[in-house]
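Heads up, the thing below is written out as structure tokens.
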Amino acid sequence: MARLKPLPRKERLLQVQPVQNRGRELRRDKDDVKNIEVGLLDVDAAIMYYFENVIQPKVTEQGEEVKVPLFYANPERWKAIRRDGYLRDTKRQLITPLIVFRRTSMSKSPDLPMNKIDANDPKLFYTFEKKYTSENRYNRFAVDRGLLPQKEFYNVAMPDYVTLNYECIIWTAYIEQMNKIIESVNWSAGTYWGEPGKLRFRTNIDSFEDSTEMAEGERYIKTIFSLQLYGYLVPEKFNDVLTTYKYITPKKLDFVDETDFSISTIYNPNQKAETVRAFGGAGKGTSAKSGLAGATDFIRGKSYAAGQETQDLEFTNTYGGDTRYVMRYNGIPTSSADNRAVLNLQAGDNFFRNNVLNLSGSQSSSATSTAQLYDLQIQDTGSYNVRTGSLSLSINGVAAETSNDNLSTTGGNDFFLTGSSTYPRTSLAVRKAASSLSPGFNLLDSDRLIIRFQKELK
């Protein structure tokens, strides 16, 4: 196989350079929201702020309260501290009291493992909404056109959760001064350090190590402790790709699709129509049917005889597909077998609401030698029955016994459903007790009955 010729320099450069995504070229010069950025300097500043403004370490010297200075030890200063064990000022005098700290290590937090999938194109974000956006200024055009208020969202890439370790050293001239400082620092351990309303990080201090020493005949009190801070890092951008994206919801959504219809339905020469214009189509050169063309794709009117007006509406989920459910003209199923009908509020209330009747023993509609009958007051008895299994009876607060389907008249059942030959499940029969040991009740006029049931179509 012959070797390929080397590519020209221009083509090689095009292959090496990544493809630029124009969708990320956003204009942010007029935004009042800055890109989110949390760096190591922010974490160091949080410690500095908390020491100076919250803990505020102070000592008393010669009856005067003195604020303890706090330094971040640069490499040169930390080397001198390690070599000599203390720090001197420009006049070679020991600086006491004093607190210095420096960051010693950083590691990924094992408690909050997070994977951005790809640093060049993060896949995990925090999303928050800006409460006000200038895009929602009121104007009559938006009102007349029915434009929706826009929402402004910001997506911030998931941060790296890290554990940062700091070494801190405290010097004082007296043990009493050291005790006060350690007590203040220890009391604030385990809380969130940082400036209120800004970045705050949880801290932990394990122990304080006493390292009191003598220097050139002078004693100074020294304590070393390690500070653990649980923080997070988010760069403003990585490889020229921002980690904060701004999104604005659309003002209006228009669904346009192509449909098929007969021109005769809208054009009639007898009405002297001279021009017929049909609008539609998902775009020029498109003829695919997506099922969103119009109401007739999903909704079909159904009439039951020629010349009748359309009453029921049949709903489908495919273009010209089978009926999925039906909205009846009167809002209720036609029978118990009509399992695709959609219930309206009135029908649903009739079916599923628990009907409650409060009756007295004297309100019996009729009686036989074995039972007292109570009319359940079902309207339109030609269409409705009592739903079997839904009937319950309480007499003077005592629950009466019945079968699971409320229909059995034998055994130890205290009540059951009954009625006429035309309407067999519209009345409640309370069995009369033949003796003190037999089921049933001999109801008096003063007895109170509470009856609960549901209705269903016959």
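Read the figures in this text as sums done on the coordinates, not as results from a lab. Just so it is clear, the model here is predicted, and its values are computed rather than measured. So basically every Cβ, Gly included, is an ideal-geometry build from the backbone, and we count neighbours across all protein chains shown.
Going from the residue with the fewest nearby Cβ atoms within 10 Å to the one with the most, 368, 212 rank 368, 212. Taking amide hydrogens as placed 1.01 Å from N in the peptide plane, the amide H of residue 232 sits under 5 Å from those of 162, each at least 5 positions away in sequence or on another chain. Listing 455, 58, 180, 67 from fewest to most neighbouring C-beta atoms within 10 Å gives 67, 58, 180, 455. Among the listed pairs 198/246; 108/130; 130/198, a Cα-Cα separation exceeding 25 Å is found for 108/130.
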